[in-house]
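The values are calculated or read from the model by the stated rules, or taken from the named source; none is laboratory data. In this text, all values refer to a predicted model and were calculated from it rather than measured experimentally. Here the Cβ is made from the backbone with ideal geometry for all residues, glycine too, and neighbour counts use every protein chain on show.
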Number of protein chains: 2
Amino acid sequence: MRSTEQLRVLVEEYLDELALTPELHGQAESVRYALVGGKRVRAVISLATVEAAGVDAEAGLPAAAALELVHAFSLVHDDLPALDNDAERRGRPSVWAQHGEAVAVLAGDALLAEAFRLALSYHVPQVGRELAQATLGMIGGQYLDITGSAPDEATLHKLKTGCLFAAAVGTALWVAGVPEREQAPWRAFGDELGLLFQIVDDILDGDGYVLAHGEGGARALADEAAARARERLAHVPADTSTLVDIVAGLSTRTS
Amino acid sequence: MRSTEQLRVLVEEYLDELALTPELHGQAESVRYALVGGKRVRAVISLATVEAAGVDAEAGLPAAAALELVHAFSLVHDDLPALDNDAERRGRPSVWAQHGEAVAVLAGDALLAEAFRLALSYHVPQVGRELAQATLGMIGGQYLDITGSAPDEATLHKLKTGCLFAAAVGTALWVAGVPEREQAPWRAFGDELGLLFQIVDDILDGDGYVLAHGEGGARALADEAAARARERLAHVPADTSTLVDIVAGLSTRTS
């Protein structure tokens, strides 16, 4: 069972060496720019799930990379002037600030299409199906966010963040060949991760859950989410030690 | 063998009744707006290919609709102020002019993700693979166009237009279960359609090929492309009568 750091290095190397579609021509430069940095949390969850299910993490690399590409796609488009108007991302100019708005729109498009190309490298369509469903949920969440029309905080975060975390576990189950009838306990675990990630994100940024519940309240909510995730893992019939480490890491991270 | 008009009505009804992912919430409105109008050329080619290959056109509807969604995605993003800055499309305000830039970015994203959801409703991943490859080619073509960096006219049009026409035939072959070793003559036909469509488009708009070759020169090039497409069809061992009609229709269309 590899450590989260070993899995992170594995996905980082895979993304570094990823061959983009040649037909992208010069557009590839902004796609690579958008892929630099990031903690690779979603990919590591996916690879750790593949390993916990008894399959080599290497088999999960295209799906794990696809998750990171979808995440990067969402950041590139969300940062656009017409949406969140963020000129900075991960301590550097965001894609539109560096490459211009037109190329940034296309960079997001290319990241999404490359993500599906990777997800479709598997023999079964289910990996791609999970990714399409999660992507549509994220888009719906972003719509609710920018239009201020979310029915409540939980719905918003479930869509904007939770979908892709759930898909990190879901895609891994198909990669590892876990039969559908045995997937429920794994998925129950995956469903808890997005909320945990989001609350801790808000604690680090001092917004969202902190504004609504105070810092102590948000910390308590994060601890409850982590406890639920560990409780769910206890029902997964496998060596989930690395997944337990991931929950601890998500709960106590400082960046 | 159904006529092109019967196939067009079939895909129109399918798109009208298409259930979008509920998680899109209010974003769905702009997605539907973007799908109104259009000649459904790519979808009809795909359905006619499915029928020529001996399978009911109905089986091809999700793939045919996916092609139209990818086409609509490309129009919505290309029309954005940062790209072609077109405020009108099909005689109505373009999506950004009607719904605002932010929602238009998300509408294009949602169309692309819904297209993959449809393509992934098949049991084999190849339908989605064709779509991903064509989408990446289109994005590369749009990059070459807006940056003025295309090596030549042929490369540009092959990417911007040809890829998706070729995919209309390619996806249909997988839907119809045509074995890979028998696909070559069909694909040779599909490769001719994009160029024919593009030249006639330029004749109708008085730009592109007309500027480069004069109206007579462009007409001659269109006739040659149509002749090559018919010649390719002659090598396809099937009843290709509707596909022959499509070539005639593409060649002589007036809108």
(1) over 26 Å from A:Arg129 (Cα atoms); (2) away from chain A (no Cβ under 13 Å); (3) in contact (Cβ under 8 Å) with a residue 40 or more places away in the chain: which one isn't true of B:Val50, the others all being true? (1)
Scan region B:85-106 and give yes if some residue there is within 14 Å of chain A (Cβ to nearest Cβ), within 18 Å of the chain's Cα centre (by Cα) and surrounded by fewer than 24 Cβ atoms within 10 Å (Cβ to Cβ), otherwise no. no
Scope region B:190-237; condition of a type in the set (Gly, Ala, Ser) and surrounded by 17 or more Cβ atoms within 10 Å (Cβ to Cβ); matching residues: B:Gly190, B:Gly194, B:Gly208, B:Ala218, B:Ala222, B:Ala225, B:Ala226, B:Ala229
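Residue under question is A:Val55, and the condition is that it be buried (at least 20 other Cβ atoms within 10 Å of the Cβ) and farther than 27 Å from B:Cys163 by Cβ; does it hold? I'd like the intermediate steps shown before the answer.
Numbers: buried (at least 20 other Cβ atoms within 10 Å of the Cβ): no; farther than 27 Å from B:Cys163 by Cβ: yes.
No.
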Please determine whether any residue of region B:4-24 is without any contact (Cβ under 8 Å) to a residue 40 or more places away in the chain, surrounded by 20 or more Cβ atoms within 10 Å (Cβ to Cβ) and within 14 Å of another protein chain (Cβ to nearest Cβ). yes
Residue satisfying condition, being assigned to a loop (DSSP other than H, G, I, E, B), touching a helix residue (DSSP H, G or I) at 6+ places or on another chain (Cβ under 9 Å) and touching a residue at least 24 places away in the same chain (Cβ under 8 Å), within set A:Leu80, A:Leu61: A:Leu80
Can you tell me how many residues within region A:138-185 are among the acidic types (Asp, Glu) and more than 13 Å from chain B (Cβ to nearest Cβ)? 3
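Please go through region A:235-250 and pick out each residue that is modelled with pLDDT of 95 or more and either hydroxyl-bearing (Ser, Thr, Tyr) or part of a loop (DSSP other than H, G, I, E, B) (or both). Before you say what the answer is, go through the steps one by one.
Residues of region A:235-250 modelled with pLDDT of 95 or more: A:235-236, A:238-250.
The answer is A:His235, A:Val236, A:Ala238, A:Asp239, A:Thr240, A:Ser241, A:Thr242.
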Filter result for B:Glu68 (buried (at least 24 other Cβ atoms within 10 Å of the Cβ), acidic (Asp, Glu) and away from chain A (no Cβ under 14 Å)): yes
Per the list (1) surrounded by fewer than 22 Cβ atoms within 10 Å (Cβ to Cβ); (2) within 24 Å of A:Gly108 (Cβ to Cβ); (3) not aromatic (Phe, Trp, Tyr), residue check on B:Gly141 breaks on (1)
Test result for A:Leu47, modelled with pLDDT of 95 or more and in contact with a helix residue (DSSP H, G or I) (Cβ under 6 Å, 6 or more places away or on another chain): yes
Restricting attention to region A:52-101, which residues are in contact with a Leu (Cβ under 7 Å, 6 or more places away or on another chain) and closer than 23 Å to A:Asp145 by Cα? A:Leu67, A:Glu68, A:Leu69, A:Val70, A:His71, A:Ala72, A:Phe73, A:Val76, A:His77, A:Arg89, A:Trp96, A:Glu101
Selection over region A:25-45 where residues are touching a Leu at 6+ places or on another chain (Cβ under 8 Å) and either within 14 Å of chain B (Cβ to nearest Cβ) or surrounded by fewer than 16 Cβ atoms within 10 Å (Cβ to Cβ) (or both) yields a count of 8
